[in-house]
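> Can you read through this structure? Questions will come right after.
Bear in mind that the values in this text are calculations on the coordinates, not laboratory data. Remember, it's a predicted structure, so these values are computed and weren't measured experimentally. Neighbour counts are summed over all protein chains in view; Cβ atoms, including those assigned to glycine, are modelled from backbone coordinates with ideal geometry.
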Amino acid sequence: MVAAEIPKIVVTPPGPKSVELMKLREKYVPKAVYNVTPIFVAESERALIKDVDGNEYIDFATGISCLNVGHRDPEVMKAIQEQTEKYLHLCFHITPYEPYVRLAEKLTKLAPGRFNKKVVLVNSGAEAVENAVKVARRFTGKPIVVTFEYAFHGRTRLAMSLTGSVHPYKYGFGPLDLAVHRTPYAYCYRCSFGLEYPACNMRCVEFIRDTFAVHLSPEDVAAIIVEPIQGEGGFIVPPKEFLPGLRKICDENGILLIADEVQSGMGRTGKMFAVEQFKVIPEMIAMAKSLGGGLPIAATIGREEIMDSVQVGGLGGTFGGNPLSCVAALKTVDLVQRLLKNAEKLGEKLIRRIREMQKKYEVIGDVRGVGLMAAVELVTDRKTKKPAKEERNQILNECYKNGLIIIGAGAYKNVIRFLPPINISEELLNKGLDKIENAIKNVIAK
Ligand SMILES: Cc1ncc(COP(=O)(O)O)c(C=O)c1O
C-alpha cells in the first residue's frame, strides 16, 4: 500500500527491479508501444504511485487522464468488488444487464442539450470516436468529416485518419480514410494564419466558410469533429468564440457537431464536459478515459433520432459496456459531479502557480488551461517561439527521477501537461509543482 503523502525516492529510478523488467519488455513488446518512463509500478493509491523498487511518485499523468478521481478510489473499488460477486461478462447483445442501461440513462441526463439522447457503450476513446462518425455518416447520408490540425482522436484507422500529426500516429499506415478534411484549429500561440486574437476576427472559423464556398461542398459534409480543448495537440484552449462559431457553421449547413471529450471531459476542466465551458451543445459526444475510474469503458452519446438512424446490429461489440466497467463508471460519474468545484478551485491555483513560473523562466513561452486541464509550452526563444523539445524532455526525466510522474504533449513535442487527479490534496499538488519548478531550474541552469 502506498503509505506516505510525501513520496520517497529510495534508489535513483529506474531501480534494479525496473531495469530487469524493462529487459523483458524490450524482448517481448514491440518498440512501437511507447513508454514515457522506465519504471514498473507495484501499487498505486489516490495521487501516488509506488514502483517495484520502493520509489514513490506523485502522479500528474493519471494514466493519460484516466484517473480524474485518483487511483483506486474506495467507492469505485467497492462497486467493482460487489459486481465481481454477481457476474463479470455477459455481452449486452446476448443477455442485457442493468448497469449498462443505468449508465446510459445517467450519461443522457448529464450531457448538454434538452433533447432525448441515446448512448452506445464501447471500450476505448478511438472506438467512441469511430462510432460517432459511423452514426453521423449513416444519419446524414454524407461522407466527409471535417477535423482539425493538431487533433488527436485515436489509433484505429478512422481515428488516426482524423488525427493531425503524421509522426508517429499515421506514418506508413495508409491508406487512410479519404473522406476527411483538415482545417486549422484556434491555436492562437501559433496561429496558422499568422494573426493575433482578437484582431483576427476568428479567421480559423471564417476559413471553413471560405472552404465551403470554393473547395468543399457542405452538402458532402456529415460532421465536424472537434476536441473542445485539444489534448495531445498541446492542451490548446481556443478563444470563447471558436466553438460557438463551429456550431453556427454546422447549423447553417445541416452538419453535425461531434465533441471529442475523451480527454477534456469527466470534470477535468471543472465542468462535466468541456463544451459546457463554451456554452455549446453538440449533437454527439465521445467519452472515454476517466469515465471508468480506471477500468476501460467509452461512450458515444447522441441525439435520439441520430443514434436511432442506424440499423439493428450496426453498433456494439463483444465487450462494449462490460458490467465491471459500467458499475465503476456509475460511481465515478457521481464522484466527479461532487468534485467539479474542487477541480475549478485547484485549477485556479495550479494556473496561478505556473504563471508565476512563466515570469521567472524564459523557457515557458505560453501558459494555458481551464480548470485542471493546464499546460506550459516551452520555447528556446520567446520571440521566435522555437520549440524547446530537448529541454522539455530533460525536464520530464528530471521529474520522474525526483518523484513526479508528468507527461508531455504537443505536435512540436514541447508542451508539459498537468493532469493530476481532480481530488488531489492541495499539499500534494503544491509538492508536485515544487518538483516541476526545481526540474525547470536545474535543466535551464545546465
Ligand atoms: C481527445 C482524444 N480522443 C481520442 C483518444 C483515443 O482514446 P483511446 O486511447 O482510449 O483509444 C484520445 C487519447 O488520448 C484523446 O485524447
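> For the chain, return all DSSP H helices satisfying: extent of Cα atoms along own axis at least 24 Å; mean Kyte-Doolittle hydropathy at least -0.5. Mind dumping the intermediate values first?
On the way: long enough: 323-360 (50 Å, -0.30); 426-445 (28 Å, -0.19).
In the chain, the long hydrophobic H runs are 323-360, 426-445.
> What is the distance, in nm, between label points placed 7 Å from the Cα along the Cα-to-Cβ direction at residue 88 and at residue 6?
Output for this residue pair reads 4.2 nm.
> Is it possible to state the helix-based mean residue ellipticity at 222 nm for the chain, with each DSSP H run of 4+ residues giving -39500 (n - 2.57), the sum divided by total residues, to the nearest 500 deg cm²/dmol? What is it?
The helix contribution divided over the chain gives -11500 deg cm²/dmol.
> At R0 = 22 Å, how high is the FRET efficiency between residue 334 and residue 427 if r is their beta carbon distance? Nearest 0.05 is fine.
0.30
> Please report the spacing between the Cα centers of segment 204-272 and segment 355-414 in Å, no decimals.
Spelled out, the Cα-based centre of one part sits 26 Å from the other.
> As a footprinting exposure proxy, order 264, 65, 217, 165 by other Cβ within 10 Å, with the fewest listed first. Let's see the in-between values first.
Numbers: 264 28, 65 24, 217 13, 165 19.
Fewest-to-most Cβ neighbours within 10 Å comes out as 217, 165, 65, 264.
> Net charge near residue 340, counting Lys/Arg +1 and Asp/Glu -1 over other residues with Cβ under 12 Å of its Cβ?
+2
> If I take R0 = 45 Å and measure r between the Cβ atoms of residue 33 and residue 199 in this structure, what FRET efficiency does the formula 1/(1 + (r/R0)^6) give, to the nearest 0.05? Please list the in-between numbers first.
Details: r = 45 Å, r/R0 = 0.99.
Once the sixth-power term is evaluated, E becomes 0.50.
> Oh, and also: Say each of residue 43 and residue 348 gets a label point 7 Å from the Cα, pointing the same way as Cα to Cβ; how far apart are those two points in nm?
3.6 nm
> Using a 10 Å cut-off around each Cβ, can you sort 211, 163 from fewest to most neighbouring Cβ atoms?
211, 163
> Quick one: 272, 202, fewest Cβ neighbours within 10 Å first, how do they rank?
The fewest-first ordering by Cβ neighbours comes to 202, 272.
> Students often get this wrong: which residues of segment 186-203 have the backbone nitrogen under 15 Å from the point 7 angstrom along Cα-to-C-beta of residue 209?
Residues passing the 15 Å test: 200-203.
> Roughly how compact is segment 14-85, stated as its Cα Rg over 2.2 N^0.38 Å to two decimals? Can you show the working numbers first?
Working: Rg = 14.5 Å, N = 72, 2.2 N^0.38 = 11.2 Å.
Computed over Cα atoms of segment 14-85, the ratio equals 1.30.
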